[in-house]
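Input: a single structure, listed below in structure tokens.
Rule-based calculations on the coordinates, nothing more; no lab input. As the structure is a computational prediction, the values presented were derived from the model and not from experiment. Don't worry about glycine lacking a Cβ; one is built from the backbone with ideal geometry, like all the others, and counts go over all protein chains shown.
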Amino acid sequence: MIKLTALGHACFMLETDDHSLIFDPWLSGNPEAAVSPDEVNVDALLVSHGHSDHLGDAIDIATRLGAPIVGPYELCMYCMRHGADVIPMHIGGGHDFDFGHVKLTLALHGSAVIHDDLIEYTGPACGFVVNAGGRTVYYAGDTGIFGDMALIGEMNDLDVAILPIGDNFTMGPDDAVKAAEMLGASEVVPMHYSAFDVIEQDPDAFADRLAEHDIECIVLKPGEQMELS
Ligand code: NI
Ligand code: MN
């Protein structure tokens, strides 16, 4: 049994019988956050890029739990400098963990930590393909559409694809429909579409559009959970 829980915006938790991990744990200051950072208990934190709505509380949670942050090398060096354990990886590379296998994928997006007087570059943004509990999940991260999503779909038998639909900073619904077709995942879960006004989208309308393409879409409100069958 493997469970996927939406925690708000781009934050998701993946749980197998024995392990759990979290993607992009922005919870403090997230108007949609379904849990507080203090409640999170995971074996690893997968962080796609350095923007504050993704790196979020990762360093605090990782430090409290002694759990590693997994992500692009440059972002991991930033996190390590701030006291977190890290497993640095990079795009195209895979790594075996106790909970399963993680591979970093291309994402067309920026990555930096923005301070008041400085933009600190944290390498390229990424996505993740995670094999855990006998299931395969593609977490796209923040990205525009790219043709190699077809390759990701061809090389992985995806049970779920978690895709941004917010537009402005990432794919919007039109491109996400095309992305879903290329990926061929059994189910699509939309993300990154309502925490800020500029990315407001109707996920149910997106689900209807996917249904026209015979693609199943599960809209998870913050706090809602699905089982991956
Ligand atoms: Ni971003
Ligand atoms: Mn974002």
How about segment 193-211: which of its residues are out of contact with any helix residue (DSSP H, G or I) (no Cβ under 9 Å at 6 or more places or on another chain) and either among the aromatic types (F, W, Y) or loosely packed, with under 14 Cβ neighbours inside 10 Å (or both)? D197, V198, E200, D204, D208, A211
Which pairs have Cβ atoms under 9 Å, sit 6 or more apart or on different chains, and link a residue in segment 194-221 that is farther than 20 Å from L7 by Cβ to one that is of a type in the set (F, W, Y)? V198/F169; D202/Y193
If a residue must be touching a Leu at 6+ places or on another chain (Cβ under 7 Å), away from ligand 2 (no atom under 16 Å from the Cβ) and closer than 15 Å to A125 by Cβ, how many such residues does segment 33-88 contain? 2
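Among G153, G144, which is part of a helix (DSSP H, G or I) and surrounded by fewer than 21 Cβ atoms within 10 Å (Cβ to Cβ)? Outline the logic, then answer.
Numbers: G144 fails: part of a helix (DSSP H, G or I).
Of the residues listed, the single one that is part of a helix (DSSP H, G or I) and surrounded by fewer than 21 Cβ atoms within 10 Å (Cβ to Cβ) is G153.
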Any chance you could count how many residues in segment 198-223 are among the acidic types (D, E) and within 19 Å of G144 (Cα to Cα)? 2
